[in-house]
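Colleague: The structure that follows is given in the form of structure tokens.
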Amino acid sequence: MRPLHVVLCALLLGATACGHSARVPSLPASHGHLSRAMAHYLDPTVEGPKLSGPTGSPPGDSSPTIEVEPEQAPSVFAEAVQALSGTPTQEQLRQASADIGAACRADLNEACDYMRTRFQRPKRIAGQAPLFPPEAMLNRAMAIVVLTSRLGVDGQVRNIRVLESAPYGLTEAMVASVRTMRFEPAKLAGHPVEMEYVFQFNTTFSDVTLTAQEELDWARTRTELFPTSSAAWVHLARVLARDKPEDAGYTQALAQLNRLSPEYWWSATELAWLHAQAGRYVEAEPLTRVAKKSAPDNPYVLETVARVAFHRGRCSDSLLDQQQAIAKLPSEWPQEEQARFKSALAEYQRQCPSDAPAPAPAPASAVH
């Protein structure tokens, strides 16, 4: 019998902890497949080939969402950063995190950058691998178990809850494994923070390969059995993006994923792109803001932002965003895509008023 593999993916802020080597995609491919491939190319520790989920929340997620007006955002952000520069209590830390998040939602890019760059993901430092039940081995079970929990400032896993279960004792085995795990906690500006943490366990056999249709059927079954699992919906959306982007279910999967994980950059980007394709630019605009805050270096995010801005009458914004998108395309990326990006920029330049600000000279294309 071929060996069985149990793969643990700890899912956090839309990024899996299971790294894979970066690669350039082949064409033809959908916008959704290419944007995700780009994310993995830019950082192989995120958005890997494994079809896992975008679950997870930034620190402070247990507090009610607060909102600030755009004109208040700079002062709110400054006060939060000042608090984090000292030795805040956990309550002060939660408040500072919530304030920075509110400033980011008020379109203060500095706050978004701070939250993204000063946040350190947890690292697993101890724990036992799950004991695979004999009945599951006998039945050659291919399954996914998804668990959500709270990861404390002491690195302990608490409040484990099952989002997706599996038969043959697999769920119980995975829960028992997680209970043994210890982590270096998540940190914001160097301070340990408590947060939601989600585990996904995939079990498979090395001699088993699903066909595209079998994987699609499996993804659909997951959403039917576990309709509140972001991981299930992202599985379905990504399979459809890869194999059947014209399927009506693709838009529906993205919309449901966005409802469950409204801060996830990929579903926000691709739902905005599909809205733009259909001429629904008003619906697309708030989604592009979410996407750009979370993934400002992804050329496909910037391309989507630029397209919506152009059709909303913001010519200078569209020119700048599209120019940045081109500059951030890796030199190894397919030439057809590079030409398509440049063609879009030329179209915006032709149609924008002559007094629209010209974009700054583009730096050399990214090289990795």
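The values are calculated or read from the model by the stated rules, or taken from the named source; none is laboratory data. Predicted model only: the values in this text are computed from it and were never measured. Cβ sites come from the backbone with ideal geometry, for glycine too, and all protein chains shown count toward neighbours. The protein model used for the area step is the full one, side chains on, heavy atoms only, and it has no ligands, DNA or RNA in it. Shrake-Rupley method; radii C 1.70, N 1.55, O 1.52, S 1.80 Å.
Colleague: Go through region 115-140 and count every residue that is assigned to a loop (DSSP other than H, G, I, E, B), more than 15 Å from ASN202 (Cα to Cα) and touching a helix residue (DSSP H, G or I) at 6+ places or on another chain (Cβ under 9 Å).
Modeller: Total meeting the criteria: 3.
Let's see how each residue does on (1) out of contact with any helix residue (DSSP H, G or I) (no Cβ under 6 Å at 6 or more places or on another chain); (2) at pLDDT 95 or above:
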residue	(1), (2)
GLN256	no, yes
TYR264	yes, no
VAL282	yes, yes
LEU287	no, yes
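Every residue, every condition in (1) at pLDDT 95 or above; (2) over 23 Å from the mean Cα position of the chain (by Cα); (3) closer than 29 Å to PRO88 by Cβ; (4) buried (at least 22 other Cβ atoms within 10 Å of the Cβ), yes or no:
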position: ARG150; (1), (2), (3), (4): no, no, yes, no
position: ASN159; (1), (2), (3), (4): yes, yes, yes, no
position: PRO167; (1), (2), (3), (4): no, yes, no, no
position: PRO192; (1), (2), (3), (4): no, no, yes, no
position: VAL198; (1), (2), (3), (4): no, no, yes, yes
position: LEU210; (1), (2), (3), (4): no, yes, no, no
position: GLU215; (1), (2), (3), (4): no, no, no, no
position: GLU246; (1), (2), (3), (4): yes, no, no, no
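The rows are residues; the columns are (1) hydroxyl-bearing (Ser, Thr, Tyr); (2) modelled with pLDDT under 85; (3) under 24 Å from TYR197 (Cα atoms); (4) open to solvent by 70 Å² or more (accessible area, probe 1.4 Å).
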{"residue": "SER62", "(1), (2), (3), (4)": "yes, yes, yes, yes"}
{"residue": "PRO70", "(1), (2), (3), (4)": "no, no, no, yes"}
{"residue": "PRO74", "(1), (2), (3), (4)": "no, no, no, no"}
{"residue": "GLN82", "(1), (2), (3), (4)": "no, no, no, yes"}
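Colleague: Report whether or not THR171 is surrounded by fewer than 20 Cβ atoms within 10 Å (Cβ to Cβ) and in contact (Cβ under 8 Å) with a residue 24 or more places away in the chain.
Modeller: Answer is yes for this residue.
Colleague: I'm told ASN202 meets every condition in (1) closer than 30 Å to ASP243 by Cβ; (2) open to solvent by 20 Å² or more (accessible area, probe 1.4 Å); (3) at pLDDT below 95; (4) not in a strand (DSSP E or B) except one. Can you identify the failing condition by its number?
Modeller: Condition not satisfied by ASN202: (4).
Colleague: Give region 342-356 a look and list any residue that's open to solvent by 20 Å² or more (accessible area, probe 1.4 Å), outside any loop (DSSP other than H, G, I, E, B) and not hydrophobic (A, V, I, L, M, F, W, C), or say none.
Modeller: Hits for region 342-356 are LYS342, SER343, GLU347, GLN349, ARG350, GLN351.
Colleague: Considering (1) touching a Lys or Arg at 6+ places or on another chain (Cβ under 7 Å); (2) without any contact (Cβ under 8 Å) to a residue 40 or more places away in the chain; (3) not small (Gly, Ala, Ser), say which one ASP217 fails and leave the rest.
Modeller: Going through the list (1) touching a Lys or Arg at 6+ places or on another chain (Cβ under 7 Å); (2) without any contact (Cβ under 8 Å) to a residue 40 or more places away in the chain; (3) not small (Gly, Ala, Ser), ASP217 breaks only (1).
Colleague: Moving to a separate point now. Out of the residues in region 189-199 that are part of a strand (DSSP E or B) and touching a residue at least 60 places away in the same chain (Cβ under 8 Å), which is farthest from LEU84 (Cα to Cα)? Steps first, please.
Modeller: Of region 189-199, the ones part of a strand (DSSP E or B) are 191-193, 195-199.
Now drop any that are not touching a residue at least 60 places away in the same chain (Cβ under 8 Å), which leaves 191, 193, 195-199.
On the way: HIS191: 8, VAL193: 12, MET195: 17, GLU196: 21, TYR197: 22, VAL198: 26, PHE199: 29 Å.
Among those residues, the one meeting the criterion is PHE199.
Colleague: Of all residues in region 327-336, count the ones that are closer than 14 Å to LEU34 by Cβ and out of contact with any helix residue (DSSP H, G or I) (no Cβ under 7 Å at 6 or more places or on another chain).
Modeller: In the first step, residues of region 327-336 are kept if they are closer than 14 Å to LEU34 by Cβ; the result is 328-330, 332-336.
Keeping just the survivors that are out of contact with any helix residue (DSSP H, G or I) (no Cβ under 7 Å at 6 or more places or on another chain) gives 332-336.
The qualifying residues number 5.
Colleague: Being touching a residue at least 60 places away in the same chain (Cβ under 8 Å), assigned to a helix (DSSP H, G or I) and either closer than 25 Å to ALA126 by Cα or open to solvent by 20 Å² or more (accessible area, probe 1.4 Å) (or both) is the requirement here; does ARG242 meet it? Even if it seems obvious, please write down each step before you answer.
Modeller: Numbers: touching a residue at least 60 places away in the same chain (Cβ under 8 Å): yes; assigned to a helix (DSSP H, G or I): yes; either closer than 25 Å to ALA126 by Cα or open to solvent by 20 Å² or more (accessible area, probe 1.4 Å) (or both): yes.
So ARG242 passes the test.
Colleague: So, of the residues in region 110-139 that are of a type in the set (Gly, Ala, Ser) and out of contact with any Leu (no Cβ under 6 Å at 6 or more places or on another chain), which turns out to be nearest to ALA78 (Cα to Cα)?
Modeller: Per the stated criteria, the residue is ALA111.
Colleague: Of all residues in region 184-231, count the ones that are polar (S, T, N, Q) and in contact with a Phe, Trp or Tyr (Cβ under 7 Å, 6 or more places away or on another chain).
Modeller: If we filter region 184-231 for residues that are polar (S, T, N, Q), which is where we start, we get 200, 202-204, 206, 209, 211, 213, 221, 223, 228-230.
Imposing the further condition that a residue be in contact with a Phe, Trp or Tyr (Cβ under 7 Å, 6 or more places away or on another chain) reduces the set to 223.
Qualifying residue count, region 184-231: 1.
Colleague: Would you confirm whether or not region 95-115 contains a residue that is modelled with pLDDT of 80 or more, open to solvent by less than 60 Å² (accessible area, probe 1.4 Å) and under 16 Å from the mean Cα position of the chain (by Cα)?
Modeller: Yes, the conditions are met somewhere in region 95-115.
Colleague: Right, something else. Looking only at residues in region 294-341 that are among the small types (Gly, Ala, Ser) and surrounded by fewer than 18 Cβ atoms within 10 Å (Cβ to Cβ), which one is nearest to the chain's Cα centre (by Cα)?
Modeller: SER331
Colleague: Further, regarding this structure: Within the group ARG118, ARG124, which residue is open to solvent by 80 Å² or more (accessible area, probe 1.4 Å), out of contact with any Cys (no Cβ under 9 Å at 6 or more places or on another chain), modelled with pLDDT of 90 or more and closer than 30 Å to LEU210 by Cβ?
Modeller: Exactly one of ARG118, ARG124 is open to solvent by 80 Å² or more (accessible area, probe 1.4 Å), out of contact with any Cys (no Cβ under 9 Å at 6 or more places or on another chain), modelled with pLDDT of 90 or more and closer than 30 Å to LEU210 by Cβ, namely ARG124.
Colleague: Could you tell me how many of the residues in region 257-278 are of a type outside the set (Phe, Trp, Tyr) and open to solvent by less than 40 Å² (accessible area, probe 1.4 Å)?
Modeller: The total comes to 11.
Colleague: While we're on this one: Could we say that THR251 is of a type outside the set (A, V, I, L, M), in contact with a Phe, Trp or Tyr (Cβ under 8 Å, 6 or more places away or on another chain) and either in a helix (DSSP H, G or I) or under 13 Å from ILE144 (Cβ atoms) (or both) here?
Modeller: Taking the combined requirement at face value, the residue does not satisfy it.
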